Amino acid sequence: MTSSANRLHNIRKSRPFSEWFAALGVSVATAVLVISPFFWLGNASGHDISFHASSWLEVAGQWREGIVYPRWAEWSNYGFGEPRFVFYPPLSWILGAALSFVVPPKALAGVFIVLVQALAGICFYRFARPFLTAGAALFGTACYVANPYALVIIYMRSDFAELLACALLPFVVSAAVELCGLTQDPGRSWARPTAVFAMAFAAVWLSNAPAGVMASYSVALLFAWAAITEKSWRPLVRGASGLALGFGLAAFYLLPAAYEQRWVNIAQVLAPGLQPSSNFLYTAIDDPEHNAFNWIASSVTILLIVLTGIAGLAARREAVPGQQHGEHKRLWGALMLLAAAATILTLRVSSVFWIYLPKLRFMQFPWRWMGILGVLYAYFAAAGLSPRRRWAGGGALLLVTGGTAAFLVQSTWWDSEDIPALRQALASGQGFEGTDEYDPLGDDRYNLPQNAPRAQALPAEGSEGKAPPAEIRIMQWEAEERRLEVKSQQPIRLALRLLNYPAWKVEVNGKAVIPERAESSGQMLLPLSPGTYRVTARFVRTADREWGLAVSVIAGLILLACLSAGDVRLLSASP
C-alpha cells in the first residue's frame, strides 16, 4: 500500500505543465461549446438570473463607494434594501461583480459560465489524473464540463452560485479521498492534505449553501466508509479535523448567516413548492410551472443515474487484476457507495432523512444531488472506457449530451436584456425585487411602494389628514450610511426608504434612538417633535460578524501552520 501511495503521490508531484495546459484547453473548448447557443439565441434566462445579476451589479456599485465586503443590498426591494449579502455566500457575487467591470452586460453571463466551467475541468482533472491515464483524465474532464446537471443549471436555472460550487466539487472529493489515506503515504504528514481539504471544502460553502450541505454529507460518508474499511478511527479523526478547519475558514460568512436568521423571514426558504417533499423525482403539486420543470429535472436525474451506473460497472470491468485489491478497488467502492446514496436521496423513500438529518432540508430540491452524481459519472466514464473503446463510447456520450442540451435549449427562455434592464433600473434609482427569505422580520415586501422618496414627512402618530410641511435635505445617501437634515415646525414621523434591521444604528442629533416601523411593512420611521434634526443611519458591524471574522483569522493561521508543517516534513524526507 505504501509503494502504491508513493507512486500516486509522485505522479501528482511530477506532472508536467503541458498536461495542465491540455486540461485547461479541453475545459475552455468544451465550455465554449456548451454556451454556443448564446451566440445566436442570446442569454439563457433561467429561474435565478435576475437574483444573481442584480447581486453582481449591486456589489459593483458598492465597490465604487469604497465598500469592500457588502452586507446590505441597497437596491433590493426597490430601494428599501435587504441583508442579502449576510446570507448569500460571497464567491459567486464577487466574481460576477469583478467581471462586470470588464465584460459588456450582454456577455457577462456567458463569460462567467466559461470561466467557471474551465475551473470545473481543472478541478476534475486534479481528481482523476492520479488514477487514470492523461488521455482518460482529459476525456473525463470534457464529460464533467458538459455533464447533464451543468446543462440544466446553465440553460434553465441560471444558478451561477451553484454552478461555481459544482465546479469545485471534484476538488473536494479529491481532497477527501486523499485525506482518507488512499493517495497519501501513511508515513508522511497529514497536515498538508488536511489544509488542502479545508480550503476546498470552505470554498464550496462560500459559493453555495445547499451545495455546502451536500458536500458535507458526501465527505462524511467517504470518511465513514474509509474508517470501516480500514477498521480504524484515523480517517474519522482526519476528516473531522479537515471539516472543522474548513468551517473555521468560512466562519466569517457562516456565523453571521446562522446568527442573523432570527432577524429575517428565513422560513420562506422552505415555502410551499420549495420543500423537499414537493421536489422528489416526478412529484406533482398544484402548480403547473413547478410540475413542468420538476419533470425535466427528474428526467435528467434519471439519465444521470443510468449513465453513472453503466459507467461504474464498466470502470470495475476495466480495472486490471493487480489493481482490484488496491487503492483503485477501494476508490471504486467509495464512489459507488456515494452514487448509491445520492440516488436514494432523490427518491421519496428517503423522506425520513430529509426530515431528520440536520439542515438537509435546506437543499430544498432532492435532484440537486445531481451535483455529486455528475462528478461520479465523469470519473466512471473516463475509467470505464479503454483506449480502443473511447471513440465509440465518447460518440455515444456525445449524442446523449447533445440530445439533452438540444432539449434544454428548446425548453428554456432566451433574453439578452435581463442584465442591461437591471443596470438601467439601478441607474434610474428604481431598484429591483427583493427576496422573501431575506426580508427583515415585520416586513411584507409586497406592501412596499416601488417609487418611494428617500425620505418623507408623515403625520405624527394619532394625527389625521395631510402630512405637515417639512424641509428635508439629503446630505449623504450610500449603501451603508445615510445622513440627512430635517426641519419642521410641527410633530412628524420621518419615513426613510429603508427597512428596519438590527444592524442599522440610527442617531438623531448625535444620540442613539430606536426607530419604529410602519404597520404594513418594516419601513423605518422616526418620530420627531418640532425643530431641526441631523439624522444618521449606519449599517454597523455586529458582534456575530466580529466573532465570525475572528474565527476565520484563527483558522487561517492554523491553515498556514499546516501548510508549513507539510513543507517541512516533505523537505526532511527528501534525499
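Checking each residue of segment 530-541 against the condition of being aromatic (F, W, Y), modelled with pLDDT of 95 or more and either touching a Phe, Trp or Tyr at 6+ places or on another chain (Cβ under 6 Å) or more than 22 Å from Y446 (Cα to Cα) (or both) gives at least one match.
Scan segment 81-88 and give yes if some residue there is closer than 30 Å to I302 by Cβ, modelled with pLDDT of 95 or more and among the acidic types (D, E), otherwise no. Within segment 81-88 (the criterion being closer than 30 Å to I302 by Cβ, modelled with pLDDT of 95 or more and among the acidic types (D, E)), the answer is no, since none of the residues qualifies. When the residues of segment 463-503 are filtered to those that are assigned to a strand (DSSP E or B) and touching a residue at least 60 places away in the same chain (Cβ under 8 Å), the one that is farthest from the chain's Cα centre (by Cα) is R497.
Condition check ((1) under 22 Å from F131 (Cβ atoms); (2) modelled with pLDDT of 95 or more; (3) within 24 Å of the chain's Cα centre (by Cα); (4) of a type in the set (K, R)) across all residues:
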| site | (1), (2), (3), (4) |
| --- | --- |
| M336 | yes, yes, no, no |
| I344 | no, yes, yes, no |
| V349 | no, yes, no, no |
| W354 | no, yes, yes, no |
| L360 | no, yes, yes, no |
| R368 | no, yes, yes, yes |
| Y377 | yes, yes, yes, no |
| F380 | yes, yes, no, no |
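Quick check, is A107 surrounded by 23 or more Cβ atoms within 10 Å (Cβ to Cβ), aliphatic (A, V, I, L, M) and modelled with pLDDT of 95 or more? For A107, the condition - surrounded by 23 or more Cβ atoms within 10 Å (Cβ to Cβ), aliphatic (A, V, I, L, M) and modelled with pLDDT of 95 or more - is not met.
Flag set for A561, criterion: over 30 Å from Q490 (Cα atoms), out of contact with any Lys or Arg (no Cβ under 6 Å at 6 or more places or on another chain) and not assigned by TED's automatic domain parsing to the domain that holds E74. Condition check for Y438 on (1) within 21 Å of Y78 (Cβ to Cβ); (2) at pLDDT 95 or above; (3) not assigned by TED's automatic domain parsing to the domain that holds W75: one failure, at (3). Of the residues making up segment 276-290, those that are out of contact with any helix residue (DSSP H, G or I) (no Cβ under 6 Å at 6 or more places or on another chain) and either surrounded by fewer than 16 Cβ atoms within 10 Å (Cβ to Cβ) or modelled with pLDDT under 90 (or both) are S277, D286, D287, P288, E289. In this structure, R569 does not qualify as at pLDDT 95 or above and either part of a strand (DSSP E or B) or surrounded by 14 or more Cβ atoms within 10 Å (Cβ to Cβ) (or both). Of all residues in segment 31-43, those satisfying the criterion of being within 15 Å of I153 (Cβ to Cβ) and assigned to a helix (DSSP H, G or I) are A31, V34, F38.
For the list (1) among the hydrophobic types (A, V, I, L, M, F, W, C); (2) part of a helix (DSSP H, G or I); (3) over 21 Å from V213 (Cβ atoms); (4) in contact with a helix residue (DSSP H, G or I) (Cβ under 6 Å, 6 or more places away or on another chain), I need the number of the one condition that V103 fails. Only one criterion is unmet by V103, namely (2).
Residue pairs whose Cβ atoms lie under 7 Å apart, separated by 6 or more positions or on different chains, with the first residue in segment 197-226 and more than 17 Å from V375 (Cα to Cα) and the second of a type in the set (F, W, Y) and crowded, with 23+ Cβ neighbours inside 10 Å, are L206/Y253. Residue count for segment 325-347 satisfying the condition of being closer than 20 Å to V269 by Cα and in contact (Cβ under 8 Å) with a residue 60 or more places away in the chain: 1. With respect to G465, is the statement that it is loosely packed, with under 15 Cβ neighbours inside 10 Å, of a type outside the set (A, V, I, L, M) and modelled with pLDDT under 95 true? Criteria met by G465. Under the condition of being acidic (D, E) and farther than 24 Å from A165 by Cα, the residues counted in segment 226-266 number 1. If you go through segment 426-462 and keep only what is assigned to a loop (DSSP other than H, G, I, E, B), within 27 Å of the chain's Cα centre (by Cα) and surrounded by fewer than 20 Cβ atoms within 10 Å (Cβ to Cβ), you end up with E433, L441, D444. Of the listed requirements (1) at pLDDT 95 or above; (2) surrounded by 17 or more Cβ atoms within 10 Å (Cβ to Cβ), A258 misses just one: (2).
The values are calculated or read from the model by the stated rules, or taken from the named source; none is laboratory data. Just so we're clear, the structure is a prediction, and the values are computed from it rather than from any experiment. Positions of Cβ are backbone-derived with ideal geometry, glycine not excepted, and every protein chain shown enters the neighbour counts.
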